[in-house]
Amino acid sequence: MCGIVGYIGTENAKEILLNGLEKLEYRGYDSAGIALLNKEELTVVKEKGRIADLRKKVATDASGELGIGHTRWATHGKPSEENAHPHQSLSGRFVIVHNGVIENYSLLKDEYLENVPLKSDTDTEVIVQLIEKLSNEGLETKEAIRKTLKLLHGSYAICVIDQKEPNLLYAAKNKSPLLIGKGSSFNIIASDAMAALKETDQFIEIADEEMVILSRDSIQIETLDGEMIEREPFTAAIDASDIEKGTYPHYMLKEVDEQPAVMRRIIQSYQNEAGDLAVDHAVLDEVLNSDRIYIIACGTSSHAGYVGKAMIERFAKIPVEVHISSEFGYNIPLLSEKPLFMFITQSGETADSRQVLVKVKEMGYRTLTLTNVPGSTLDREADQSMYLHAGPEIAVASTKAYTAQVAVLSILAVAAGRAKGVEQAFEIDLSAELGIAATAMEAMVSSKELIEHIAGEFLATSRNAFFLGRSVDYFVAMEAALKLKEISYIQAEGFASGELKHGTIALIEDETPVFAIVTQENINWNIRGNVNEVLARGANACVFAMEGLEQPGDRLVIPHVHELLTPLVSVIPCQLLAYYAALHRDCDVDKPRNLAKSVTVE
Ligand code: F6R
């Protein structure tokens, strides 16, 4: 996590850095800081809290044509001004911002920095102190940085300023994202293109274990062994307007509303010349050559994975297991003979998922990534990829990426089934069904007033909540509970409703809010029985039911869609419920406490 940005050019870096950090704030927001170098005069400003707090603290006349900035999600050391980046070396000459985790920082400290008093609790400070130590021992700055990088174990994306070299900006990366934004008479370094889109749409990738030396009009990329690398820029696929909130009060609401349009974009993107939904041959081959698919994902993406399992097993008749990345990598189950590992990840940068990718590749297995971010680490490192086409998702709570994942998984499931000749895969006109789902999603995003009212009635003051479902509704219930927890801080649980009576029903008291999602005909009466059981124990129950299954007293009718595509639609009222519950409780919807969007530490 954490976001970094660096600028070298002819303009004052201050605004460019602050604007860039605002765009990176989704990566962490517990403290922030910038350093500006004006000739050899250095200004460092840090603040606990948000970029808005930092902005207030930076003097209006602060300036420098070279600068670096950071927004933090704490890993080592509590959120505080001392632990905020940039960090400086003992003399103050070298300044660093860092994203990642240095695993051997404690060893490095003991071995090389015994006599250096450290000012922070961070792993980062060790890097900058080491650079200064090696520089004091006679190495030129570039060599001191290179030698330091070779000592590091772990992940890093760094920007370094040497006060004595005001015309150069140093950067390097390993396992943490970083790219160069190329301008005319300036260059930028950033964790994400979003931070630099206002300045340029030309970007150059940086590979792991490469370092970069930028001046305002030159870009030098080298390996850690000093080999020069030539790499052409590419044009960013998103433009600055894609990442603005527009008239919306929150990114989350904008992204919820975008879901029908994303559905239509996905249909278009996967249509072949004949107008059928199709998947790249290379991807299909991977699926068809496997005897079992292992879906590896975290959080919301794993919830989409469960829906994907149901669809792939039904349409393609290939067994699928869904695993949480952070568990799988360290407790690998007995595998089938020809497994295919499918990574579902909005960001493509999630460290828990990447560690599994690295391991299974070492074991010689095939890999496929479903991601929203082309060019991300899991995209680059997997054998094959499929894209979600959801557009940038900025709110920490994932919404449109989830529905995009479900839709892309349905396309893959049906395409694989057809290629295999599975009868069920020919029975569905998926393009038409996804179109119907898009229209149903429109109806759901238009039900805001009703959902806001329900959120007020059930969740304004409650301390916990339950979401019940069976089969695919259970998967949506898990997602609904996660959404509610993460942005409204209400303790919530998504439950297979039949399981409730095996213990958890003991938690039901007077007024406990219980939401039931009912979209599957075959379990309609079972789940209604479970709702009656909680009502009998005093719960406040609220049923969202699909058209055709509704009963008097249900609070929302979900338009009818294909039985396996219901999560695309039923999840939307749950997303809105979380959104309005968070507003009722005065929570920061887009930046919930303790979280960050892109989870790049294990
Ligand atoms: C919840 C949420 C997270 C992510 C999880 C995986 O709203 O956003 O649970 O789904 O951190 O992230 P990705 O999909 O980027 O790998």
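Laboratory data are not the source of any read-out in this text; all were calculated from the coordinates shown. Everything numeric in this text was worked out from a predicted model, so none of it was measured. Cβ: placed from backbone, ideal geometry, glycine included. Neighbour counts: every protein chain shown.
Answer with one residue from F341, I267, G529: the one whose Cα lies farthest towards the positive end of the charge dipole of the chain, charges on Cβ with Lys, Arg +1 and Asp, Glu -1.
The one lying farthest along the dipole's positive direction is G529.
Cβ neighbours within 10 Å, averaged per peptide: list 175-183, 583-591 in order, most packed at the top. Don't skip to the answer; put the middle values down first.
Details: 175-183: 23.6, 583-591: 17.2.
With the highest mean Cβ count within 10 Å placed first, the list reads 175-183, 583-591.
Please determine, in degrees from 0 to 90 and to the nearest 10, the orientation of helix 448-459 with respect to the longest principal axis defined by the Cα atoms of the chain, where the helix direction is its Cα long axis.
90 degrees
Dipole of the range 447-593, Cα-centred, from +1 at each Lys and Arg C-beta and -1 at each Asp and Glu C-beta, to the nearest 20 debye?
Details: 12 positive and 20 negative charges, 57 e Å.
I would put it at about 280 debye.
Among bridges DSSP assigns within the chain, what percent are antiparallel (round to 5)?
60 percent
Dipole of the range 250-444 (Lys/Arg Cβ +1, Asp/Glu Cβ -1, origin at the Cα centre): which of I295, H250, A282 lies farthest to the positive side?
Checked the options; the winner is I295.
With the radius of gyration and the Kirkwood radius both derived from the Cα set of the range 447-593, what is their ratio Rg to Rh? Don't jump to the answer; show the numbers that get you there.
Numbers: Rg = 14.0 Å, Rh = 14.9 Å.
Radius of gyration over Kirkwood radius for the range 447-593 works out to 0.94.
Aspartates and glutamates within cross-link reach of K198: Cα-Cα under 13 Å, excluding same-chain residues under 8 positions apart?
E15, E22, D239, D242, E244
Which chymotrypsin sites (Phe, Trp or Tyr not before Pro) does the range 507-602 hold that lie in a coil by DSSP with at most 11 other beta carbons within 10 Å? Mind showing how you got there, number by number?
Details: sites: F515, W525, F544, Y579, Y580; in loops: none.
Taking the range 507-602 and a limit of 11 other Cβ atoms within 10 Å, no loop chymotrypsin sites (Phe, Trp or Tyr not before Pro) are found.
Taking the Cα atoms only, what angle lies between the long axis of helix 430-445 and the longest principal axis of the chain, rounded to 10 degrees?
80 degrees
Please sort 559-567, 39-47, 300-308 by packing, taking for each peptide the average over its residues of neighbouring beta carbons within 10 angstrom, highest first.
Working: 559-567: 21.4, 39-47: 16.4, 300-308: 26.2.
Top to bottom by mean Cβ count within 10 Å: 300-308, 559-567, 39-47.
Can you tell me what percent of all Cα-Cα pairs in the range 3-240 are more than 29 Å apart?
Details: 5158 of 28203 pairs.
The calculated P(r) of the range 3-240 puts 18 percent of pairs beyond 29 Å.
So how long is each side of the chain along the principal axes, counting just the alpha-carbon atoms, biggest first, in Å?
Over the chain, Cα extents along the principal axes are 78, 52, 43 Å.
Amide H neighbours of N167 under 5 Å, counting only residues 5+ apart in sequence or on other chains, H built in-plane at 1.01 Å?
Under 5 Å from the amide H of N167 lies no amide H from a residue far enough along the sequence or on another chain.
Calculate the length of the line joining the C-alpha centroid of the range 365-391 to that of the range 169-236, in whole Å.
21 Å
For the range 406-415, what does the Karplus curve 6.51 cos²θ - 1.76 cosθ + 1.60, with θ = phi - 60°, yield as ³J(HN,Hα) per residue in whole Hz, taken in order and with x for Gly and Pro?
4, 5, 5, 5, 5, 5, 5, 4, 5, 4
Among the listed pairs K147/K338; K14/K359; K39/K245; K182/K591, which are separated by more than 32 Å between their Cα atoms? All intermediate terms of the calculation are to be shown ahead of the outcome.
Values: K147/K338 42 Å; K14/K359 42 Å; K39/K245 37 Å; K182/K591 30 Å.
Cα-Cα > 32 Å for K147/K338; K14/K359; K39/K245; rest within.
For a quick protection proxy, order the peptides 289-295, 507-513 by their average other-Cβ count within 10 Å, most packed first. Before the final figure, lay out each step's value.
On the way: 289-295: 19.6, 507-513: 15.3.
Per-residue mean Cβ counts within 10 Å order the peptides as 289-295, 507-513.
If you wrap a convex hull around the alpha carbons of the range 391-521, what volume per residue comes out, as a whole number of Å³?
On the way: hull volume 19.3 nm³, N = 131.
With only Cα atoms used, the range 391-521 gives 147 Å³ per residue.
What dipole magnitude, in Debye to the nearest 20, does the chain give about its Cα centre under +1 on Lys/Arg Cβ and -1 on Asp/Glu Cβ? Display every interim value, and only then the final one.
Values: 57 positive and 88 negative charges, 149 e Å.
With only Lys, Arg, Asp and Glu charged at Cβ, the dipole is about 720 debye.
Calculate how steeply helix 472-488 sits against the longest principal axis of the alpha-carbon atoms of the chain, using the helix alpha-carbon long axis, and give the answer as 0 to 90 degrees to the nearest 10.
Computed tilt is about 40 degrees.
Place a +1 charge on the Cβ of each Lys and Arg in the range 3-240 and a -1 charge on the Cβ of each Asp and Glu, then give the dipole magnitude about the Cα centre in debye, rounded to the nearest 20. Spell out each step's value before the answer.
Numbers: 27 positive and 40 negative charges, 128 e Å.
Value, rounded to 20: 620 debye.
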